[in-house]
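Peer 1: Here it is, the structure, as structure tokens.
Read-outs: derived from the displayed coordinates by stated rules, not from any lab. These numbers were taken from a predicted model, which means no experiment stands behind them. Note that each Cβ is placed from the backbone with ideal geometry, even for glycine, and that neighbours are counted across all protein chains shown.
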Amino acid sequence: MLQRTSTQSIRISQLARTSLFYKPSLCLRQISLWSRYTLRCPRLAVTVRPFSSTRLRHDGQLPDPPKKLAIRENIYTLPNLLTVSRICACPVLAWSIVDGNYYLATGLLAYAGLTDAADGYLARRYKMSSVLGTVLDPAADKILMTTLVVSLTHQDLIPLPLAVIILGRDVLLSLSAFYIRYSTLPPPKTLARYWDVSLPSAEVRPTYISKVNTTLQLVLMGATTVNPILPFDLGLALQALQYVVATTTIWSGFSYLFTKNAFRVVSQPKNRTPGSP
């Protein structure tokens, strides 16, 4: 009887050591034979059943696989701060144009242009680019453009049809951006997650004609703002530039519909099983 018990103890010990899940660190004390059929340790048990194969089991349930974590990024960067400051300057710019203070308006417009160039340079040079920046920077340009168009049209310096074309295009693109944000947001799609700017879902990539159009629009608005304080009139040149801007505005709006790389969906990390690399 003693020989039979010793032989069974040796077999069970060898089975525990050769098992795939066997780890010596799991046992806090030397494995001892408590009964004829079961070899126990604090977190691991090897059970021997008559007429069945011996298997290794855990005392508790296996942990659930890790849940999918949403990608988050650092949004508190210097380029984003400059972009936000450009947005905050827009109400003051609108007031200065409506009030007829074109000197202040010219200074604010110059500040907007400098910060627009600086945030792009800093993001590329010091690797501070972010998905939020790719959305916030063109949004700041649109807010600035809307401010200039509305205030200059109010002063009869920009024709109303051109203002309708520029603003109409921006409204349509903004509605498209809201839809893309909702459709690419990883679940759960809640209102709080929708407005959480640290959860990127899609990266906007302006088309080439859109960049050209933005430059021409800024040149037109800047020249129109500066024209009242110049000793000479830019009337004919501004009128020709207005037709060019109307054409590029319509063209750039359609370019987002026919360009495949206009935006890129930000991939989310996949679920991983405990044994996957």
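Peer 1: What residues from region 96-134 fall in the zone where the backbone N is under 17 Å from a label point 7 Å along the Cα-to-C-beta line of D196?
Peer 2: Within reach of a label on D196, which here means backbone N under 17 Å from a point 7 Å along Cα→Cβ, region 96-134 contributes 131-132.
Peer 1: Using 5 Å bins from zero, what percent of all Cα-Cα pairs in region 105-162 falls into each bin?
Peer 2: P(r) over region 105-162, rounded to whole percents: 4, 16, 21, 20, 16, 11, 7, 4, 1.
Peer 1: Here is a further query. Can you give the extra length, in nm with one decimal, that the chain gains between V212 and L236 once fully stretched, where that is 0.36 nm per residue apart less the Cα-Cα distance?
Peer 2: Working: separation 24, 0.36 × 24 = 8.64 nm, distance 2.14 nm.
Here the answer is 6.5 nm.
Peer 1: Kirkwood hydrodynamic radius, region 156-227, all distinct C-alpha pairs: what's the number in Å? Walk me through the numbers before you get to the answer.
Peer 2: Values: mean 1/r = 0.0674 Å⁻¹.
Final number for the Kirkwood radius of region 156-227 is 14.8 Å.
Peer 1: FRET efficiency for Y179 and V92, Cβ-Cβ distance as r, R0 = 35 Å, nearest 0.05?
Peer 2: 0.65
Peer 1: Computed over the Cα atoms, what is the radius of gyration of region 73-182 divided by 2.2 N^0.38 Å, N being its residue count? Intermediate values should be presented prior to the final figure.
Peer 2: Details: Rg = 15.2 Å, N = 110, 2.2 N^0.38 = 13.1 Å.
Cα Rg divided by the expected 2.2 N^0.38 Å: 1.16.
Peer 1: Another question, then. Using only the Cα atoms, work out Rg/Rh for region 78-258, with Rh taken as the Kirkwood radius, to two decimals.
Peer 2: Details: Rg = 17.2 Å, Rh = 17.4 Å.
That ratio equals 0.99.
Peer 1: Related question: For a footprinting-style exposure proxy, rank K189, K127 by other Cβ within 10 Å, fewest first. Intermediate results must be reported in sequence, preceding the final value.
Peer 2: Numbers: K189 11, K127 8.
Sorted ascending by nearby Cβ count, the order is K127, K189.
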